[in-house]
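Read the structure below first, then the notes.
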Amino acid sequence: MDKLKKVLSGQDTEDRGGLSEVVEATSLSSGTRIKGFIACFALGILCSLLGTLLLWVPRKGLYLFAVFYTFGNIASLGSTAFLMGPMKQLKRMFEPTRLIATIMVLLCFALTLCSAFWWHNKGLALIFCILQSLALTWYSLSYIPFARDAVKKCFTVCLA
């Protein structure tokens with residue numbers, strides 16, 4: 001509707017390529033983006049909480065925890081793709097300021113699942129879940145200006 005208004009009012013004088021028209025035609029409305037974000041984020045939190053509850057199941061509890069916790073974190077991380085779009089999300093994830101944090105998050109996701117499914121090592125699965133949380137926190141702090149510097153300074157003051 002907005003595009004039609006621009007064309008009819010004469011404001012849309014740019015010649016757009018076919019790709020930009022496809023992107024505009026398939027992009028979600030802001031309301032749909034918010035709903036998708038909330039649904040995906042809620043699913044992520046639900047999976048993480050379910051994983052925490054499954055931790056106490058005998059024999060397979062830790063494996064179920066590692067899987068649900070990891071999928072919950074992946075869903076929560078993926079929920080932000082609804083807000084900014086998947087390509088912009090990927091571009092921002094691999095910017096130089098958060099490249100190492102992104103690699104650590106993805107590596108922790110993979111190592112958590114490997115320790116649960118292939119190595120069958122409960123201790124490693126738990127360690128990688130903890131590292132996953134720390135890496136995801138560090139990654140999330142990269143989106144807040146000066147947050148990483150504040151955390152570094154806080155730790156140096158506390159440890160000195």
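Within region 31-111, the chymotrypsin sites (Phe, Trp or Tyr not before Pro) that combine a DSSP coil assignment with at most 13 other C-beta atoms in a 10 angstrom radius are W56, F94. Dividing the alpha-carbon radius of gyration of region 81-122 by the rule-of-thumb value 2.2 N^0.38 Å gives 1.50. For the pair M84 and I103, label points projected 7 Å from Cα toward Cβ lie 2.0 nm apart. Taking 20 Å as the cut-off, the amide N atoms of region 55-80 that come nearer than this to a point 7 Å along the Cα-to-beta-carbon line of I45 belong to 55, 68-80.
Please say if region 108-160 is rounded, prolate or oblate, where rounded means a/c under 1.5 for a ≥ b ≥ c the square roots of the C-alpha gyration tensor eigenvalues, and otherwise the choice is prolate for a/b larger than b/c and oblate otherwise?
oblate
Taken over region 39-101, the alpha-carbon convex hull comes to 76 cubic angstrom per residue.
Surface calculation, 1.4 Å probe, protein heavy atoms: T52 sits at approximately 60 Å² accessible. Can you work out D for region 39-160 in µm² s⁻¹ from Stokes-Einstein, where Rh is the Kirkwood radius over C-alpha pairs, the temperature is 37 °C and the viscosity is 0.692 mPa s? Answer from the Stokes-Einstein relation: 214 µm²/s. The slack between L124 and C154, meaning 0.36 nm per residue of separation minus the straight C-alpha distance, is 7.9 nm.
Mind putting a number on the dipole of region 43-160 about its Cα centre? Charges go on the C-beta only, +1 for Lys and Arg and -1 for Asp and Glu, and I need it in Debye to the nearest 20.
Numbers: 10 positive and 2 negative charges, 8 e Å.
Charge dipole, region 43-160, about its Cα centre: 40 debye, nearest 20.
Solvent exposure of region 41-130 amounts to 59 Å² per residue of accessible area, where only protein heavy atoms count and the probe is 1.4 Å.
The values are calculated or read from the model by the stated rules, or taken from the named source; none is laboratory data. From a predicted model like this one, the values you see are computed outputs, not experimental measurements. Ideal geometry is used to build each Cβ from the backbone, glycine not excepted, and the neighbour counts take in all protein chains shown. Keep in mind that these areas ignore ligands, DNA and RNA; they rest on the heavy atoms of the full protein, side chains included. Shrake-Rupley method; radii C 1.70, N 1.55, O 1.52, S 1.80 Å.
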